[in-house]
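Engineer: Just dropping this structure here.
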Amino acid sequence: MITNSVTDIVENSVTHSVAPSITHSVAPSALELAALLKAKKISVAEVLDHYFGAIEKTDPHLNSFLALAKESALAQAKIVQEKLNLNETLSSLAGVPIAIKDNISTQGIKTACASKMLDGYVPVYDASVVTKLKQAGMIVIGKLNMDEFAMGGSSETGIGGPVHNPWDLSRVAGGSSGGSAAAVAARLVPLALGSDTGGSIRQPCSFCGITGIKPTYGAVSRYGLIAYASSLDQIGPMGVNIDDCAALLKIISGPCEKDSTWVLDKPFDFKESQPNRLDGVKIGLPINYFADGIDKEVAESVLRAAKEFENAGATICEFEMPLLDYVIPTYYIIACAEASSNLSRYDGLKYGHLSKNANTLDEIYRLSRSEGFGIETKRRIMLGSFVLSSGYYEAYYQKALKARALLKKAYDQLFEQYNFIISPVAPTSAYRHGENITDPLKMYIADLYTVGANLAGLPAVSLPCGFDSEGLPLGFQLCGNAFKEADLIMASRVYQARTGHHLKKPEVDF
Amino acid sequence: MKIDDKLLSYLEDLSCLTLTASEKSQLSDDFGKILEYMDILGGLDTIDVSEMSHPFPHVNAFRPDTVKESTSRELILKNAPHHNGEIIVAPPTYE
């Protein structure tokens, strides 16, 4: 008979150092939870009961979930529990609940990309990553709030309303995977999937004090990810520590016959080893990232993280990041061009919003799209149409593709010298709701540190590295060479073993 | 770069969108500022640089060409706002 609650068990099994005014984690990590399930100290149904209860109590304050999938989760739990009872090996995360960003297709569960355009849309198939999660025995419990069509950095633009940062409800959770970050930070779910086109996993992780991985392009299938910018999009894990994220990345990575852009020929297989030294490792520190426009406390926290790597034996090498002025224009030209093409599929006929005011076919197209898309989505579609249009194509789109080639070459040269590049994730900590939403250019420029990894297809992790004077979490980014996720995870483990920033948890007992 | 009414109307057509008056005012201002910022790219020397549209030298990852069951029509039509049970229904494009 299994009768323990998750909190009871872990309160007795986990000890962490406590920071002033911050309660430390009593909720288990995903791997700790999986171990409890495997040892039959708790049942999958009890775990679900705990998390659905936490969501019901806390999420009205955070608005991180857009849909819950209680019925299908309980059905899946029953199947997984039977397998666990028979000691069948499913995966290292069998029985662990997971929530999915609202732009990843889940069969039978509403998936709206937080947009009126897809309000009520129910996918008839699972994204490949969701199929892999189910095969691994993970339990999908719901869909997570985001910026509409993943276009934004604050999770304020979706139809479900803004996501609130669990560290300070008056502030944004970051974006576009803000719901994923807020839910994991508040321990409403042990793990989440996000997507990252220009920083949409890493920046909300930084704003909410959790860990996330943007994998190498082609490492994780995009089949079933509702497309924003196809040459940049990647799905990735978001969790409370690097080990949980690595376990999840192992499950979702690898080939997919439904995605013609996969590159990785087999799933990642990360070693369990826990080194505590990084002797011989060279980490590049781009000093021009720390010039104008970055908050002093953010800069100091990242430099402290670099010092920690140095203490662990790594060599920190300062350098000037090339092409920095061109990164944001290059990214936004390419992303908007691809968005204008990808979002042309929304016609009001096949699925999604159909205008009630339309009579002719042309009216159906134009009015359904005009009513269905929000202002930021329209802005990016039209910018994309502009840079692809006759007379402007060469000056903008073609130029950006050439700039992208130069940037990729620059990264290739940097990774001949360094194992990793350490940098900020965002120039500030989480800002207040409404503070930047009316200034799109300011929001775009805030992506300066993250979009390079997407343009060059590189993996990058976002790790918590402390708090600012207002008690808001800060994060830093470690970027690696293509398909060097194992190295990034090893370095992240060393950092998290030497620091306790990832163990801090916001007060969410509202 | 100045975004005048004519260009904005052209972009609406290309994007298959009809903006409200307030959206027009907001977006033409935004586009002006954003494109002015993007114009910095014009100063980058890209002579003899090839365009790069994909992060890696890419060969399409084909799967074996085998016959498989496709998604049923009934399921697909569930998400269509108007259908007759067989096909999606749209207004005629001729009179």
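The values are calculated or read from the model by the stated rules, or taken from the named source; none is laboratory data. Note that this is a predicted model, so its numbers are computed, not measured. Quick reminder, even Gly has a Cβ in these numbers, built from the backbone with ideal geometry, and neighbours come from all protein chains shown.
Engineer: Against the condition at the interface with another protein chain (Cβ under 8 Å from one of its Cβ atoms), under 25 Å from B:K78 (Cβ atoms) and of a type in the set (F, W, Y), how does A:Y396 come out, does it pass?
Structural biologist: Against the criterion (at the interface with another protein chain (Cβ under 8 Å from one of its Cβ atoms), under 25 Å from B:K78 (Cβ atoms) and of a type in the set (F, W, Y)), A:Y396 does not qualify.
Engineer: Name the residues in the range B:71-95 that are more than 26 Å from the chain's Cα centre (by Cα), at pLDDT 90 or above and in a loop (DSSP other than H, G, I, E, B), would you?
Structural biologist: Of everything in the range B:71-95, those that are more than 26 Å from the chain's Cα centre (by Cα), at pLDDT 90 or above and in a loop (DSSP other than H, G, I, E, B) turn out to be B:S72, B:N84, B:G85, B:E86.
Engineer: Could you identify the single residue in B:I87, B:I76 that is more than 24 Å from A:Y444 (Cβ to Cβ) and out of contact with any helix residue (DSSP H, G or I) (no Cβ under 9 Å at 6 or more places or on another chain)?
Structural biologist: From the options B:I87, B:I76, the qualifying one is B:I76.
Engineer: More than 9 Å from chain B (Cβ to nearest Cβ) and closer than 30 Å to B:V49 by Cβ - does that describe any residue in the range A:381-388?
Structural biologist: no
Engineer: Sticking with this structure for a sec: Looking at the range A:319-336, is at least one residue away from chain B (no Cβ under 11 Å) and either touching a Lys or Arg at 6+ places or on another chain (Cβ under 8 Å) or of a type in the set (S, T, Y) (or both)?
Structural biologist: For the range A:319-336, residues away from chain B (no Cβ under 11 Å) and either touching a Lys or Arg at 6+ places or on another chain (Cβ under 8 Å) or of a type in the set (S, T, Y) (or both): present.
Engineer: Of the conditions (1) more than 21 Å from the chain's Cα centre (by Cα); (2) facing another protein chain (nearest Cβ under 10 Å); (3) part of a helix (DSSP H, G or I); (4) not acidic (D, E), B:S25 fails just one. Which one is it?
Structural biologist: (2)
Engineer: Of everything in the range B:11-42 that's within 18 Å of A:G391 (Cα to Cα) and among the small types (G, A, S), which residue is surrounded by the most Cβ atoms within 10 Å (Cβ to Cβ)?
Structural biologist: Per the criteria, the residue is B:S15.
Engineer: May I pose another question? Is it fair to say A:E371 is surrounded by fewer than 22 Cβ atoms within 10 Å (Cβ to Cβ), modelled with pLDDT of 95 or more and more than 9 Å from chain B (Cβ to nearest Cβ)?
Structural biologist: Criteria met by A:E371.
Engineer: If you don't mind, another one. Say we look at the range A:227-243 and pick out the residues that are part of a loop (DSSP other than H, G, I, E, B) and within 13 Å of another protein chain (Cβ to nearest Cβ); which of these is nearest to A:A186 (Cα to Cα)?
Structural biologist: The selected residue is A:D233.
Engineer: Would it be correct to say that A:D265 is of a type in the set (D, E) and over 27 Å from A:G466 (Cβ atoms)?
Structural biologist: In short, yes.
Engineer: Where in the range A:422-505 are there helices (runs of 4 or more DSSP H), lying fully within it, with 1 or more residues that are more than 14 Å from chain B (Cβ to nearest Cβ), more than 16 Å from A:L285 (Cβ to Cβ) and more than 16 Å from the chain's Cα centre (by Cα)?
Structural biologist: A:485-498
Engineer: Now for a different question. Being closer than 26 Å to A:A185 by Cβ and surrounded by fewer than 24 Cβ atoms within 10 Å (Cβ to Cβ), is that true of even one residue in the range A:403-413?
Structural biologist: No, that holds for no residue.
Engineer: Pick from the range A:244-280 the residues that are over 30 Å from A:A35 (Cβ atoms) and of a type outside the set (G, A, S): which of them is nearest to the other protein chains (Cβ to nearest Cβ)?
Structural biologist: A:E257
Engineer: Working carefully through the options A:G174, A:G198, A:G179, find the one that is crowded, with 24+ Cβ neighbours inside 10 Å and over 14 Å from A:N145 (Cα atoms).
Structural biologist: Answer to the check: A:G198.
Engineer: So, of the residues in the range A:421-453 that are touching a helix residue (DSSP H, G or I) at 6+ places or on another chain (Cβ under 7 Å) and among the polar types (S, T, N, Q), which turns out to be surrounded by the most Cβ atoms within 10 Å (Cβ to Cβ)?
Structural biologist: In this case the residue turns out to be A:T450.
Engineer: Give just the number: which of (1) exposed (fewer than 12 other Cβ atoms within 10 Å of the Cβ); (2) among the hydroxyl-bearing types (S, T, Y); (3) within 26 Å of A:K266 (Cα to Cα) does B:T71 not satisfy?
Structural biologist: Going through (1) exposed (fewer than 12 other Cβ atoms within 10 Å of the Cβ); (2) among the hydroxyl-bearing types (S, T, Y); (3) within 26 Å of A:K266 (Cα to Cα) one by one, B:T71 breaks only (3).
Engineer: I would also like to ask the following. Which residue is farthest from the other protein chains (Cβ to nearest Cβ), if the candidates are limited to the range A:348-368 and must be touching a helix residue (DSSP H, G or I) at 6+ places or on another chain (Cβ under 9 Å) and outside any loop (DSSP other than H, G, I, E, B)?
Structural biologist: A:S368
Engineer: Just wondering, is there one or more residues in the range B:51-64 that are farther than 30 Å from A:N481 by Cβ, facing chain A (nearest Cβ under 7 Å) and either at pLDDT 95 or above or assigned to a loop (DSSP other than H, G, I, E, B) (or both)?
Structural biologist: Taking every residue of the range B:51-64 in turn, none turns out to be farther than 30 Å from A:N481 by Cβ, facing chain A (nearest Cβ under 7 Å) and either at pLDDT 95 or above or assigned to a loop (DSSP other than H, G, I, E, B) (or both).
Engineer: Moving to a separate point now. Would you confirm, using the coordinates I've provided, whether B:L35 is more than 7 Å from chain A (Cβ to nearest Cβ) and within 28 Å of A:D233 (Cβ to Cβ)?
Structural biologist: yes
Engineer: I'd like the full set of residues that are touching a Gly at 6+ places or on another chain (Cβ under 8 Å) and touching a residue at least 60 places away in the same chain (Cβ under 8 Å), limited to the range A:74-95.
Structural biologist: A:A77, A:S91, A:L93, A:A94, A:G95
Engineer: Just name the residue that is nearest to A:Y411 (Cα to Cα) out of those in the range B:65-93 that are small (G, A, S) and more than 9 Å from chain A (Cβ to nearest Cβ).
Structural biologist: The extreme case among them is B:S70.
Engineer: So is A:V189 within 15 Å of the chain's Cα centre (by Cα), part of a loop (DSSP other than H, G, I, E, B) and farther than 16 Å from A:P459 by Cα or not?
Structural biologist: Against the criterion (within 15 Å of the chain's Cα centre (by Cα), part of a loop (DSSP other than H, G, I, E, B) and farther than 16 Å from A:P459 by Cα), A:V189 qualifies.
Engineer: A follow-up question, please. Of the conditions (1) out of contact with any Lys or Arg (no Cβ under 6 Å at 6 or more places or on another chain); (2) more than 28 Å from B:I76 (Cα to Cα); (3) away from chain B (no Cβ under 14 Å), A:T216 fails just one. Which one is it?
Structural biologist: (3)
Table: residues versus (1) in contact with a strand residue (DSSP E or B) (Cβ under 6 Å, 6 or more places away or on another chain); (2) within 14 Å of chain B (Cβ to nearest Cβ).
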{"position": "A:L33", "(1), (2)": "no, no"}
{"position": "A:A67", "(1), (2)": "yes, no"}
{"position": "A:V80", "(1), (2)": "no, no"}
{"position": "A:T89", "(1), (2)": "no, no"}
{"position": "A:A94", "(1), (2)": "no, no"}
{"position": "A:L118", "(1), (2)": "no, yes"}
{"position": "A:Y125", "(1), (2)": "no, yes"}
{"position": "A:V130", "(1), (2)": "yes, no"}
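Engineer: Here's something else I'd like to know. Is at least one residue of the range B:43-62 surrounded by 13 or more Cβ atoms within 10 Å (Cβ to Cβ) and touching a Cys at 6+ places or on another chain (Cβ under 9 Å)?
Structural biologist: Yes.
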